[in-house]
Amino acid sequence: MQLKTHLFNESRLNESRLNKSKLNKSRLKKCWILMFQITTGSIRLVGFLSLFFCSVAMASPSDRWQMNLSPGVTELGKSIYDLHMIIVWICVAIGVVVFGVMGYVLIAHRKSLGRTPATFDESVKIEIAWTIVPTLILMLMVVPATKTMIEIYDTSEADLDIMITGYQWKWKYEYIDNEGGENFSFMSILSTPQDQINNLEPKGENYLLEVDEPLVIPVNKKTRLLLTGADVIHAWWVPALAVKKDAIPGFVNEAWTLPTEIGTYRGQCAELCGKDHGFMPIVVEVVSEEDYAIWLADKKNASKVDLSVKTKDELMASGQALYDKNCAACHQVNGSGIPGVFPALIDSPIALGDVKKHIDIVVNGLPGTAMGAYGDQLPPDVLAAIITYERNAWGNDVGDTVQAADVTNFNR
Ligand code: HEC
Ligand SMILES: [Cu+2]
């Protein structure tokens, strides 16, 4: 009888031990599953975010699935990339240590093993350690970061200077102090056909990333960029050239690039700047030194203003294309404007009235409104054609012509 009870007790005890260890096992399993889920969850989140930022970034089709920054085609871009990688690996190491310690503590010191909580708090040693260690890590990070920052800001000893002005919604490139001493400038405007934008035509390969006149710079030369805005804040961003800089009215920001590979590099305005913010891309052609010299000579020649007197038909013919390119974003191709925002030029008292007032508005703009001062942006022969067109298109029938000389004289 005694033996029997003993046996019974023994078996009850065994059973409860068995249950307890089963319980522990299932708890441990749950714990592992949770950790696994947290880890995969974070990896997925990071993956999703990188994909998101990659698709936002200017990935060419071949590297659309690329997860990391691209070093681009400049030494500076490579320095920025290297800095990024150093910091990423420091973060990875910190992550491994912190989550490793946490995981170890959660599992090895769990209550079910009978661990009792420590009763102390405010360990001075630990407080000191976790103040000093991160400080040391930060100090370690400062060294490469400062080196790269100094490199980014060093615009000295440039071979050439280009002034970049952001306008709603186009870029002006002004070559200053170039060899031969003559400054010249041109506007760079989106060249994607309107029909592609309106889904009436299949979209081209460089949809919304193409312009009529790209910025052209020589390879292996340091180009200093001076950036400003004419109306609102824009930002000039070409990832491959490692430049992203705000173009702010009233300020001149500096940046530089030294591309080491010939090619075409594309970018966009990176500061929300109004209705057509997504329609002012940037295209940079990096060419050999010889090609650059040829281009420069051509460009200087072409930017000479043609002051010869033109017939009305000539002015109307060139005026239409120039108007569509420079003015239609606001006043619309058919001159109807957008009621309440951009005035119609059909039957406009100014387009039909005194020609001097018309020239004045176009040359000097209307300060405080979206109507810019085109005297700074377009040469007199172009303005003459546009103004003539506005006075005689869409049923406007003033009948007069405006010559380049009228605009030049007006400027004075
Ligand atoms: C960014 C938008 C924008 C662009 C581009 C633009 N304009 Fe304007 N324009 C305006 C606005 C806004 C006004 C009205 C200003 C006001 O009176 O408040 C205006 C007014 C005018 C007027 C006076 C019309 C009237 O009846 O009051 C003329 C003429 C004119 N623009 C010509 C041009 C020409 C020529 C071009 C191209 C070289 C051009 N505009 C490009 C926004 C623009
Ligand atoms: Cu912009």
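Read the figures in this text as sums done on the coordinates, not as results from a lab. No experiment lies behind these values; they were computed from the predicted model shown. Note: ideal-geometry Cβ built from the backbone for every residue, glycine included; neighbour counts use all protein chains shown.
Candidates Ala240, Ala230, Ala235: the one that is in contact with a Pro (Cβ under 9 Å, 6 or more places away or on another chain) and within 16 Å of ligand 2 (Cβ to nearest atom) is Ala230. Within the stretch 167-220, the residues that satisfy the criterion of being of a type in the set (D, E, K, R) and either without any contact (Cβ under 8 Å) to a residue 60 or more places away in the chain or more than 19 Å from Thr264 (Cβ to Cβ) (or both) are Lys172, Glu174, Asp177, Glu179, Glu182, Asp195, Glu201, Lys203, Glu205, Glu213. Val355 - would you say it is closer than 18 Å to Asp406 by Cβ and in contact with a Pro (Cβ under 7 Å, 6 or more places away or on another chain)? Judged against the criteria, Val355 is not a match.
Here are Val309, Val283, Val305: which of them is assigned to a strand (DSSP E or B), touching a residue at least 60 places away in the same chain (Cβ under 8 Å) and away from ligand 1 (no atom under 14 Å from the Cβ)? Exactly one residue qualifies, and that residue is Val283.
Among the strands (runs of 3 or more DSSP E) confined to the stretch 168-259, the ones with at least 3 residues that are more than 16 Å from ligand 1 (Cβ to nearest atom) are located at 170-176, 215-218, 223-229, 234-238, 243-247, 253-257. Within the stretch 251-302, the set of residues being of a type outside the set (A, V, I, L, M, F, W, C) and either under 14 Å from Lys170 (Cα atoms) or within 16 Å of ligand 2 (Cβ to nearest atom) (or both) comprises Asn253, Arg266, Gly267, Gln268, Glu271, Gly274, Lys275, Asp276, His277, Gly278, Pro281.
Is one or more of the residues making up the stretch 164-181 charged (D, E, K, R) and crowded, with 21+ Cβ neighbours inside 10 Å? Within the stretch 164-181 (the criterion being charged (D, E, K, R) and crowded, with 21+ Cβ neighbours inside 10 Å), the answer is yes, since at least one residue qualifies. Tell me whether the stretch 368-376 contains one or more residues that are surrounded by 18 or more Cβ atoms within 10 Å (Cβ to Cβ), within 19 Å of Asp406 (Cα to Cα) and touching a helix residue (DSSP H, G or I) at 6+ places or on another chain (Cβ under 8 Å). Yes, because at least one residue in the stretch 368-376 is surrounded by 18 or more Cβ atoms within 10 Å (Cβ to Cβ), within 19 Å of Asp406 (Cα to Cα) and touching a helix residue (DSSP H, G or I) at 6+ places or on another chain (Cβ under 8 Å).
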